[in-house]
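Take a look at the structure below.
The values are calculated or read from the model by the stated rules, or taken from the named source; none is laboratory data. In this text the structure is predicted, and so the values were computed from the model without any measurement. Cβ sites come from the backbone with ideal geometry, for glycine too, and all protein chains shown count toward neighbours. When the accessible area is computed, the model is the full protein with side chains, heavy atoms only, and any ligands, DNA or RNA have been set aside. Shrake-Rupley method; radii C 1.70, N 1.55, O 1.52, S 1.80 Å.
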Amino acid sequence: MRLTGEPTGETRLAGVIGWPVRHSRSPAIHNAAYRALGLDWLYVALPVPPGGVHDALAGMRSLGIEGLSVTMPHKAAAAAAVDACTADAAALRAVNSIRRDGDRLVGDNTDGGGYVDSLLAEGVDPDGRRCVVLGAGGAARAVVRALAGAGAASVVVVNRHPGRAAEAAALAGAVGAVGDEGALAGADLLVNATPLGMGDDASLAVDPAPLPAHAVVSDLVYHPRNTPLLAAAEARGLRTVGGIGMLVHQAARQLEAWTGRVAPVEAMLAAAGGE
Ligand code: NAP
């Protein structure tokens, strides 16, 4: 139990490897959780340049680091460097979380599960829903697989490069398909998994006008919180879910795997800049 908030001789270490990584919100989110749980743990940002994953994992083993988050550009390299992968990490060929299991390092991917958790936390259950996912990159692939796993009736991937869309859609198995913006008219859930609308980019990922009135619009982009897509959807009176929830819930799954404790999601949301 950490009483003072200062690291002690007993402090356990966790962190995030990435390049760049100093901007990451993960230290604030994880450390807030440790404080809320009274855990004598510390989570730090560890800049690891491209090509450095093998050495970083050797360091994790030798230093006894308890858990590592993995962010860009290391997710694929980490999947190849760990001793074993979970089913999600193996299917996605991407690892965003590494836990120690004795001497073995086990890679997991909590992005998709965290995304579905963030929907469920808002009372949106993907079970039986017709979903349209914009984008076919790492985040989209994780979301496509997780939506299918959560019982989505269909998962249509819309992407500017159709080859990548087909690869992503395959992750949804029988309910996956490649489509175009025409799919919006029959969608119950629209997910933006492209960077369109991020930061100073004012572009609308897609015009939500064709969506049915009951559709839910979700954006993985969380900076700004009210993205152009979410603003356009709200202006139409559609229900929206922002990307901060996914950021927090993918971290919550990591924390639970590493510490064995139930994640204090509210404290993590507050630290992430959510409510
Ligand atoms: P990524 O692997 O680079 O993939 C980006 C995807 O967006 C690709 O499919 C790409 O299309 C498409 N795209 C990029 N620019 C585009 C444009 N101008 N017009 C149309 N399509 C475009 O990125 P990622 O890691 O999947 O991340 C995607 C977004 O999700 C980012 O904004 C990221 O911040 C966000 N994200 C959020 C969370 C969270 O926790 N909330 C987690 C992960 C990611 P092509 O395949 O055709 O190149």
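Before moving on, here are some points about what is shown:
- Listing of strands (runs of 3 or more DSSP E) fully contained in segment 164-251 that carry 2 or more residues being closer than 20 Å to residue 123 by Cα and at pLDDT 95 or above: 189-192, 216-219, 239-241
- Residue 275 being of a type in the set (Asp, Glu) and either modelled with pLDDT of 95 or more or open to solvent by less than 20 Å² (accessible area, probe 1.4 Å) (or both): no
- Residues being in a helix (DSSP H, G or I), surrounded by fewer than 17 Cβ atoms within 10 Å (Cβ to Cβ) and in contact with a helix residue (DSSP H, G or I) (Cβ under 6 Å, 6 or more places away or on another chain) - total across segment 258-269: 0
- The residues on offer are 252, 169, 187, and the sole one that is of a type in the set (A, V, I, L, M) and more than 13 Å from the ligand (Cβ to nearest atom) is 187.
- Residues in segment 172-184 that are touching a helix residue (DSSP H, G or I) at 6+ places or on another chain (Cβ under 6 Å), of a type in the set (A, V, I, L, M, F, W, C) and either within 12 Å of the ligand (Cβ to nearest atom) or over 19 Å from residue 216 (Cβ atoms) (or both): 2 in all.
- Pairs linking a residue in segment 43-54 that is assigned to a strand (DSSP E or B) to a residue that is surrounded by fewer than 18 Cβ atoms within 10 Å (Cβ to Cβ) and among the basic types (Lys, Arg), with Cβ atoms under 8 Å and 6 or more positions apart or on different chains, are 45/22; 47/22.
- Residues in segment 147-160 that are open to solvent by 10 Å² or more (accessible area, probe 1.4 Å) and within 12 Å of the ligand (Cβ to nearest atom): 158, 159, 160.
- Taken together, the residues in segment 233-257 that are within 22 Å of residue 139 (Cα to Cα) and open to solvent by 30 Å² or more (accessible area, probe 1.4 Å) amount to 6.
- Only one of the listed residues (170, 165, 140, 205) is more than 22 Å from residue 230 (Cβ to Cβ) and buried (at least 22 other Cβ atoms within 10 Å of the Cβ). That residue is 165.
- Qualifying positions in segment 194-235 - within 14 Å of the ligand (Cβ to nearest atom), hydrophobic (A, V, I, L, M, F, W, C) and farther than 20 Å from residue 273 by Cβ: 196, 202, 204, 205, 206
- Condition check for residue 26: within 16 Å of the ligand (Cβ to nearest atom) and either without any contact (Cβ under 8 Å) to a residue 40 or more places away in the chain or in contact with a Leu (Cβ under 9 Å, 6 or more places away or on another chain) (or both): yes
- Scanning segment 87-128 for residues that are open to solvent by less than 40 Å² (accessible area, probe 1.4 Å), in a strand (DSSP E or B) and touching a residue at least 40 places away in the same chain (Cβ under 8 Å) returns 97, 98, 105.
- In segment 136-151, the residues that are farther than 16 Å from residue 70 by Cβ and touching a residue at least 12 places away in the same chain (Cβ under 8 Å) form Cβ pairs under 7 Å with partners that are near the ligand (Cβ under 7 Å from one of its atoms) and among the polar types (S, T, N, Q), at six or more places apart or across chains, as follows: 136/159.
- Filter pass, residue 219 being more than 20 Å from the chain's Cα centre (by Cα) and open to solvent by less than 60 Å² (accessible area, probe 1.4 Å): no
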